[in-house]
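Peer 1: Dumping the structure here so I can ask a few things about it.
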Amino acid sequence: MDKSPRPCRAVLLASIALLFAPPVLGQPVPEIAPPAAVVARDNPNDAGHGVRIEWQPSPTPGILAYEVYRLSWRPEGAGPPLSPADAPDSLWIPVATVPAGSTSYVHEDDERTLGDGPNPEFVPRGSPVHYRVRTLGAGGAQSEFSPVVQAVAKGDWFHWMRVNVLVVFLALTAAMVFFIRRSSGGHRLFIRPIPGLAHIDEAVGRATEMGRPILFIPGTGTAGDIASLAAFTILSRVARRTAEYQTPVLVPVNDPVMMVMAQGTVKEGYLEAGRPDLYRPEDVFYISAMQFPYVAAVNGLMLRRQTATNFYMGVFHAESLLLAEAGAATGAIQISGTDQVAQIPFFVAATDYTLIGEELYAASAYLSQDPKQVGPLKAQDLMKAAIIAIAVLGLLELTFLGSDHLRGLIKAYD
Amino acid sequence: MKRRIPLILVFVTGMAMVAQFFVPHEYSDYLFQYANDFVIVIGILALPVGIYSLMVATVRKARSEPRERIYSLATIAGFLVMVAAGLKREWFHGDTTLSAMLFDNILVPAQATLFSLLAFYLASAAYRAFRARTLLAALLLLTAFIVMLRMIPLPEPLASWNATVVRWILEVPNMAAKRAIIIGVGLGAVTYSTKILLGIERSYMGGD
């Protein structure tokens, strides 16, 4: 992993160090040595716009920072190629100041233009880029520049630092296949009771008895959110039940794509229940893409229509409590579920049942009891057990051996 | 076939995006950007459908429910005014346009008002949640009481003791629970996504 400080942070650190350096007015500036053995090479695991510069520390004690310069980039056709030997100092531009103690820096820049002109710091793919480094000392002392080094950045076809992610993904997929086969073979897999899902039918029945509509809010996320897709699973079940019980279900949405998906889900639910005649497309409607106008409209809907049952499933943000408290004020039975950790306490406080995090994703397996759905749930449990085991092993390693190799092994990289 | 084609599309595009995560090359990045642009384009294309739905629902409500007519008319008027203001951007010369002025002076304060209701809703939700009906609820009440004490000035050494206890509550049991939920959500999301990719999970298309 690259441990080079970010340029702005490095500049800040170096500036602070220079600020506290002793005054040197009237004193000779001491000579300091440049960093030794400077090399530049392609930065691995990137798109081909990064170069890694490494050096040995300057032998001079008490130095403050290193300054990395590169020869300006000039687009093809903008003039003769620049030779590092002949280039005037004005064409060498500083790209980073890194604090003493650092021995490397990764220079990345994939922007070809800066304003109206070419970006002189751009790192082209496949063309040589030249660098030189010097040392900065107290009182504005500067070393000579190191010899010029060059590197050619290239794009990589595999991100080797993500092998651990690939291993986990493949292990999870293998575990899913194993448990699906096991479950399909007649082996019964246990799923613990989830109250929020177990009470869906009861909640729909209550609305039917009271003769009032049901409100289903599929969150304020987009169709690309997993929680939104999981919400549609529950909406599908609710729609089927409402069709059977002949109770209207209102689905206000805040995204046009979500509206189309919700309409399809509800329509399919009515079809499966054998009551397509009861489906009313206008009951699934778009309100606003903005958070609070959406809340205002939905809260008004709850109060005017006196919905008997409210479902809040999907991605929620600050609107969670505004919606749930308004629903509680109407006396509706409320079932919520979200994967947004910050909103879970609000739902727990304000609704009758809450699906916490992953329980929302478990809805399809829980409701259908289909072996193909239950198998992946068990694979997920297995992975969770593996994570707990690794955490315990890491704890033991750190406690008794004082090392953290396991942490390095499982660390996620950008 | 009606189902198979979408499932094939989901599998192919999904696997392409999985592969893209492991390939840092510029072509891979281009694919990612291209896919993201497609999402934006689809969102924009779907917007007229949403607006049509809003208008149809509002007009229908205005017709069928006289008591709610005023709200429906306000919605339609607001929509038309904002569309007109957006079409004629040069109506206002200076720092702002008519559209921005309406947004800043009507919508933003209205949103702030609604958001401020959260303070009162927090109090009412907390009142219900903190009733000590069971042992666990009593424990929650006690913990919340200790944490909330941190927000008021206490004399020493009470303030220091309270700060230590609150820090422990937030960093140990609270953080442990939070991380457990986050790990569960992460694994659940990967499993759910894999189910979608493999065509096991189809309920988002309607039905099981």
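Peer 1: Please work out how much length the chain gains when fully extended from A:ARG304 to A:ARG74, using 0.36 nm per residue of separation minus the C-alpha to C-alpha distance, in nm with one decimal.
Peer 2: Length gained between A:ARG304 and A:ARG74: 76.1 nm.
Peer 1: Shifting gears a bit: What does the accessible area of A:THR60 come to, in Å² to the nearest 10, when a probe of 1.4 Å is used?
Peer 2: 30
Peer 1: When ranked by the protection proxy of mean other Cβ atoms within 10 Å per residue, highest first, what sequence do the peptides A:367-379, A:103-115, A:232-244, A:119-131 form?
Peer 2: With the highest mean Cβ count within 10 Å placed first, the list reads A:232-244, A:367-379, A:119-131, A:103-115.
Peer 1: With θ taken as phi - 60° and the coefficients 6.51, -1.76 and 1.60, list the Karplus ³J(HN,Hα) couplings across segment A:47-57 in order, rounded to whole Hz; mark glycine and proline as x.
Peer 2: Ordered by residue, 3J(HN,Hα) equals 7, x, 10, x, 10, 9, 10, 10, 8, 8, x Hz.
Peer 1: For an R0 of 35 angstrom, estimate the FRET efficiency from the Cβ-Cβ distance between B:LEU107 and A:SER127 and round to the nearest 0.05. Numbers along the way, then the final one.
Peer 2: Working: r = 50 Å, r/R0 = 1.43.
My answer for the efficiency is 0.10.
Peer 1: Which Rg and Dmax, in Å, describe the Cα atoms of segment A:303-361?
Peer 2: 10.6, 33
Peer 1: At 1.4 Å probe size, with every protein chain present, just tell me what the per residue accessible area of the protein assembly as shown comes to in Å².
Peer 2: With all protein chains present, the protein assembly as shown gives 54 Å² per residue.
Peer 1: Let me see the P(r) profile for segment A:237-316: every Cα-Cα distance counted, bins of 10 Å, each bin given as a percent of all pairs.
Peer 2: In order of increasing distance, the bins hold 18, 50, 29, 3 percent.
Peer 1: Amide H to amide H, which residues 5 or more places from A:GLN340 or on other chains are under 5 Å from it, using H placed in the peptide plane?
Peer 2: A:PHE316
Peer 1: Taking the alpha-carbon centroid of each part, what is the distance from segment A:209-287 to segment A:78-114 in angstrom?
Peer 2: If we compute the Cα centre of each part, the gap is 57 Å.
Peer 1: Turning to a different aspect of this structure: Give the shape of segment A:156-306 as rounded, prolate or oblate, defined through the alpha-carbon gyration tensor: a ≥ b ≥ c are the square roots of its eigenvalues, a/c under 1.5 means rounded, and otherwise the shape is prolate if a/b is larger than b/c and oblate if not.
Peer 2: oblate
Peer 1: A follow-up question, please. Ignoring ligands, DNA and RNA, what percent of the 1.4 Å accessible area of segment A:148-285 is carbon and sulfur?
Peer 2: 59
Peer 1: Still on this model: Can you give the charge dipole size of chain B about its Cα centre, rounded to the nearest 20 debye, using +1 on the beta carbon of Lys and Arg and -1 on the beta carbon of Asp and Glu?
Peer 2: Approximately 980 debye in magnitude.
Peer 1: So if I take the centroid of the Cα atoms in segment A:40-70 and the same for segment B:45-65, what is the distance between those two points in Å?
Peer 2: 60
Peer 1: Using a 1.4 Å probe on the heavy atoms of the protein chains only, list every residue of segment A:155-184 that has 50 Å² or more less accessible area in the complete assembly than in its chain alone.
Peer 2: Buried by the other chains: A:TRP157, A:ARG162, A:PHE169, A:LEU172, A:MET176.
Peer 1: Between B:ILE44 and B:ALA119, what is the label-point separation in nm under the 7 Å Cα-to-beta-carbon projection?
Peer 2: 4.1
Peer 1: Chains B and A: what accessible area do they bury, summed, in square angstrom to the nearest 100, with a 1.4 Å probe? Don't skip to the answer; put the middle values down first.
Peer 2: Numbers: alone 17000 and 21930 Å², together 33320 Å².
In total, this chain pair buries about 5600 Å².
Peer 1: Assuming a viscosity of 0.890 mPa s and a temperature of 25 °C, what translational diffusion coefficient in µm² per second does Stokes-Einstein assign to segment A:168-246, Rh being the Kirkwood radius over Cα pairs?
Peer 2: 158
Peer 1: Could you work out the percent of alpha carbon pairs in segment A:124-223 separated by over 21 Å, rounded to a whole number? Don't skip to the answer; put the middle values down first.
Peer 2: Values: 3746 of 4950 pairs.
More than 21 Å apart: 76 percent of the Cα pairs in segment A:124-223.
Peer 1: ³J(HN,Hα) across segment A:394-404 via Karplus (A = 6.51, B = -1.76, C = 1.60, θ = phi - 60°), whole Hz, x for Gly/Pro?
Peer 2: Each residue's phi maps through the Karplus curve to give x, 4, 5, 4, 5, 6, 9, 9, x, 10, 9 Hz.
Peer 1: How large is the charge dipole for segment A:80-214, taken about the Cα centre, if only the Cβ atoms of Lys, Arg (+1) and Asp, Glu (-1) carry charge, to the nearest 20 debye? If you can, show how the numbers build up before the last one.
Peer 2: Details: 12 positive and 13 negative charges, 217 e Å.
About 1040 debye.
Peer 1: Right, another one. In what sequence, largest accessible area first, do B:MET148, A:MET290 appear using a 1.4 Å probe?
Peer 2: Greatest to least solvent exposure: B:MET148, A:MET290.
Peer 1: Enumerate the amide H contacts of A:VAL95 below 5 Å, restricted to partners 5 or more residues apart or on another chain; note that Pro and chain-start residues carry no placed amide H.
Peer 2: Under 5 Å from the amide H of A:VAL95: A:VAL68, A:TYR69, A:ARG70.
Peer 1: Enumerate the whole-percent occupancy of each 10 Å bin, from 0 to the last occupied one, for all C-alpha pair distances of segment B:87-208.
Peer 2: 10, 17, 20, 20, 21, 10, 1
Peer 1: Would you mind telling me the share, in percent, of accessible area of chain B contributed by carbon and sulfur at probe 1.4 angstrom? Intermediate results must be reported in sequence, preceding the final value.
Peer 2: On the way: 10270 of 14110 Å².
That fraction is 73 percent.
Peer 1: Taking amide H positions as placed in the peptide plane 1.01 Å from N, state which residues far from A:VAL253 in sequence (5 or more) or on other chains have amide H under 5 Å from it.
Peer 2: So A:VAL253 has HN proximity to A:PHE285, A:TYR286, A:ILE287.
Peer 1: For a test of the definition: using alpha carbon positions, the gyration tensor, and the 1.5 limit on a/c, classify segment B:3-90 as rounded, prolate or oblate.
Peer 2: Note, shape of segment B:3-90 comes out oblate.
Peer 1: If you take the beta carbon distance between A:PHE178 and B:ALA16 as r and set R0 to 35 Å, what does 1/(1 + (r/R0)^6) give as a FRET efficiency, to the nearest 0.05?
Peer 2: With R0 = 35 Å, the Cβ-Cβ based efficiency is 0.85.
Peer 1: Counting pairs of Cα atoms in segment B:166-208, how many percent are more than 16 Å apart?
Peer 2: Above the 16 Å cut-off, segment B:166-208 has 55 percent of its Cα pairs.
Peer 1: Classify segment B:133-186 as rounded, prolate or oblate from the Cα gyration tensor: take a ≥ b ≥ c as the square roots of its eigenvalues, call it rounded if a/c is under 1.5, otherwise prolate when a/b beats b/c and oblate if not.
Peer 2: The shape class here is oblate.
Peer 1: Write down the Kirkwood hydrodynamic radius of segment A:355-409, to one decimal in angstroms, obtained as one divided by the mean of 1/r over all alpha carbon pairs.
Peer 2: Every distinct Cα pair counted, the radius reaches 13.2 Å.
Peer 1: State the Cα centre-to-centre distance between segment A:329-351 and segment B:107-146 in whole Å.
Peer 2: Cα centroid to Cα centroid, the span is 12 Å.
Peer 1: Given a 1.4 Å probe and every protein chain left where it sits, what share in percent of the accessible area of segment A:303-414 is carbon and sulfur? Show your work: numbers first, answer last.
Peer 2: Working: 3020 of 4740 Å².
After summing per-atom areas, the C and S share lands at 64 percent.
Peer 1: Another question, then. Going by a 1.4 Å probe on protein heavy atoms, which residues of segment B:1-34 end up with at least 40 Å² less accessible surface in the whole assembly than in their chain alone?
Peer 2: B:PHE21, B:PHE22, B:PRO24, B:HIS25, B:GLU26
Peer 1: Using only atoms on other chains, find how many Cβ atoms lie within 10 Å of each Cβ of peptide B:175-188 and report the average.
Peer 2: Values: counts 0, 0, 3, 3, 2, 6, 7, 4, 7, 11, 12, 5, 13, 14.
Across B:175-188, the average partner-chain Cβ count within 10 Å equals 6.
Peer 1: Enumerate the whole-percent occupancy of each 5 Å bin, from 0 to the last occupied one, for all C-alpha pair distances of segment B:1-154.
Peer 2: Distribution as computed: 2, 6, 7, 8, 9, 9, 8, 8, 14, 16, 9, 3, 0, 0 percent.
Peer 1: Tell me, what is a quarter of the convex hull surface for the C-alpha atoms of chain A, in nm² with one decimal?
Peer 2: Computing the convex hull of the Cα atoms and averaging its projections yields 30.5 nm².
Peer 1: Under the √(5λ) rule applied to the eigenvalues of the Cα gyration tensor, what semi-axes describe the equivalent ellipsoid of segment A:289-413? Give them in Å, descending.
Peer 2: Sorted largest first and rounded, they come to 39, 19, 12 Å.
Peer 1: Determine the percent antiparallel among the DSSP beta bridges restricted to chain A, to the nearest 5. Numbers along the way, then the final one.
Peer 2: Details: 30 of 50 bridges.
In chain A, DSSP labels about 60 percent of beta bridges as antiparallel.
Peer 1: What would the Debye formula give as log10 I(q)/I(0) at q = 0.14, 0.29, 0.32, 0.34 Å⁻¹ for the alpha-carbon point model of segment B:101-140, no solvent?
Peer 2: Values, matching the q order: -0.49, -0.86, -0.93, -0.97.
Peer 1: Quote the FRET efficiency, to the nearest 0.05, computed for A:SER403 versus A:MET290 with a Förster distance R0 of 30 Å and r equal to the Cβ-Cβ distance.
Peer 2: Calculated value: 0.05.
The values are calculated or read from the model by the stated rules, or taken from the named source; none is laboratory data. Bear in mind the structure is a predicted one, so any value in this text is a computation, not a measurement. Every residue, glycine among them, receives a Cβ derived from its backbone with ideal geometry; neighbour counts consider all protein chains shown. Surface accessibility is based on the protein's heavy atoms, side chains included, excluding ligands, DNA and RNA. Shrake-Rupley method; radii C 1.70, N 1.55, O 1.52, S 1.80 Å.
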